[in-house]
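Data block below; observations after.
The values are calculated or read from the model by the stated rules, or taken from the named source; none is laboratory data. If you're wondering where the values come from, they're calculated on a predicted model, not measured in any experiment. Note that each Cβ is placed from the backbone with ideal geometry, even for glycine, and that neighbours are counted across all protein chains shown. These accessible areas exclude ligands, DNA and RNA; they are computed on the full protein's heavy atoms, side chains included. Shrake-Rupley method; radii C 1.70, N 1.55, O 1.52, S 1.80 Å.
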Amino acid sequence: MDIVLQHADFYFFTPYVYPITWPEDGPMRQFLSLLAVTNLGAVILYFLFGTLSYWFIFDHSLKKHPQFLENQVRREIKYTLSSMPWISIPTVMLFFAEVQGYSRLYDNIDSSPYGWFGVILSMISFLFFTDMCIYWIHRFLHYKLIYKYFHKPHHIWKIPTPFASHAFHPLDGFLQSVPYHIYPFIFPLHKGVYLGLYIFVNVWTVSIHDGDYRIPKFLEDVINGSAHHTDHHLYFDYNYGQYFTLWDRIGGSYKHPSSFLGKGPHDLIRKMKEEGKLNSDSTDYGPRNEKSVNGILRKED
């Protein structure tokens, strides 16, 4: 994160914000700057990729699904924006520790233990390490006594849109992001790669909420895509993984996506149209029963 902080200091904070007597390496200035940069960056990434996904990838016919809530998109955005500032506080503490040199982040490829091979290996290990950690954190958040206080708000969105991607309770959102931040404290990682991976995980988080269930056939049982994650929102006890299905298979929580079996949200919408329960041109998105619609929902309370 010090790459971003250095550019922010050079182009904005030093010439326009802070007095010349406040040094760039001052701890309080660094913390405040990181807080501003982190919040602004999070909002930009959220709206940039969320908006692009919503208008160009998300299937808007899903808004006719009976479990799509009234004013859902606005509610998703509102909840996200109310949580982000709180999530940023502990996140900035970790970024501050990185900037202070306590992590194993490095600047030059020559500092990589194995050169370019080490850089590529770190990308792969980052994905598998964070996928493993997030699986268990996510599963922990589904423990009944924990779930109703912290993770349930994210499961309000049974048919999520890209704007639900970051709509978490602050503690939930931070806990699921911890693996991304602790990785460079445990393993060596190039600073530029870390920044790129940080952007990637935000894009991926948006993508598994985008309602586009297409995935190459040979990867259906490997990649935890939008179809898998939608079933997690609908059926609760399955598909906790972030990128891969590996840990769901190990943990016995893997569910082959209902959309691949002809029983997904799109199939329900088509069935309702055929039965005359849903007008194909209607903007009425049906009942907003958050407990049970056509037997799809079950034990979330």
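In the context of the full set of protein chains, residues of the range 210-253 present 39 Å² of accessible surface per residue (probe radius 1.4 Å, heavy atoms only).
Given charges of +1 on the Cβ of Lys and Arg and -1 on the Cβ of Asp and Glu, with all other atoms neutral, how large is the dipole of the chain about its Cα centre, in debye to the nearest 20?
Computed charge dipole of the chain: roughly 1020 debye.
Output the 0 to 90 degree angle, nearest 10, between the alpha-carbon long axis of helix 72-99 and the longest principal axis computed from the alpha carbons of the chain. Compared with the principal axis, the helix lies near 30 degrees. Only helices enter this figure: runs of n ≥ 4 DSSP H residues, each worth -39500 (n - 2.57), summed and divided by the residues of the chain, yield -17500 deg cm²/dmol at 222 nm to the nearest 500.
For the chain, excluding the exposed loop sites themselves (GluC sites (Glu not before Pro), DSSP loop, at most 13 other Cβ atoms within 10 Å), the longest remaining stretch covers 71-274. Per-residue packing, averaged as other Cβ atoms within 10 Å, sorts the ranges 107-115, 46-54, 196-204 into the order 46-54, 196-204, 107-115, beginning with the highest. Computed over the range 126-222, relative contact order equals 35 percent, with contacts defined as Cα pairs under 8 Å that lie 6+ residues apart.
How large, in percent, is the carbon and sulfur part of the accessible surface of the range 103-147 at a probe radius of 1.4 Å?
On the way: 1850 of 2680 Å².
Percent of accessible area from carbon and sulfur atoms in the range 103-147: 69.
Pick the calculated Kirkwood radius over Cα pairs in Å for this structure from (1) 20.8; (2) 20.3; (3) 21.6? Among (1) 20.8; (2) 20.3; (3) 21.6, the one derived from this structure is (1).
Pop the C-beta distance of Tyr149 and Thr51 into the FRET formula with R0 = 35 Å and round what comes out to the nearest 0.05. Display every interim value, and only then the final one.
Working: r = 31 Å, r/R0 = 0.88.
According to the calculation, E is roughly 0.70.
Here the simple spin-label model places points 7 Å from the Cα toward Cβ, and for Glu275 and Arg74 these points are separated by 3.0 nm.
Distance between the pseudo-spin-label points of Val17 and Trp86 (7 Å out from Cα toward the beta carbon): 2.4 nm. Assuming charge only on the beta carbon of Lys and Arg (+1) and of Asp and Glu (-1), the dipole of the range 1-153 about its Cα centre is about 1060 debye to the nearest 20. Axis of helix 191-207 versus longest Cα principal axis of the chain: the two differ by about 20°, to the nearest ten degrees. Only one residue of Phe68, Ser83, Phe129 has its Cα farthest out toward the positive end of the dipole of the range 64-191, where Lys and Arg carry +1 and Asp and Glu -1 on Cβ, and that residue is Phe68. Once the chain from Ser111 to Asp221 is taken as fully extended at 0.36 nm per residue, the excess over their C-alpha distance is 35.9 nm. Computed on the chain, with alpha-carbon pairs under 8 angstrom and 6+ residues apart, the relative contact order is 25 percent.
Which FRET efficiency value, to the nearest 0.05, do you get for Ile44 and Phe185 by plugging their Cβ-Cβ distance into 1/(1 + (r/R0)^6) with R0 = 22 Å? Provide the component values of the computation, followed by the final result.
Details: r = 26 Å, r/R0 = 1.17.
That gives a FRET efficiency of 0.30.
For Leu105, the residues whose amide H sits under 5 Å from its own are Leu189, ignoring neighbours fewer than 5 places away on the same chain, with H placed 1.01 Å from N.
Can you give me the angle between helix 115-141 and the longest principal axis of the chain, using Cα atoms only, in degrees from 0 to 90, rounded to the nearest 10? So the helix axis and the longest Cα principal axis differ by about 50 degrees. In terms of the Cα gyration tensor, with a ≥ b ≥ c the square roots of its eigenvalues, is the range 1-132 rounded because a/c is under 1.5, prolate because a/b exceeds b/c, or oblate? Oblate is the answer for the range 1-132, as a/c is 1.5 or above yet b/c matches or exceeds a/b.
Highest average first, the peptides 233-241, 121-129 ordered by how many other beta carbon atoms sit within 10 Å of their residues are 233-241, 121-129.
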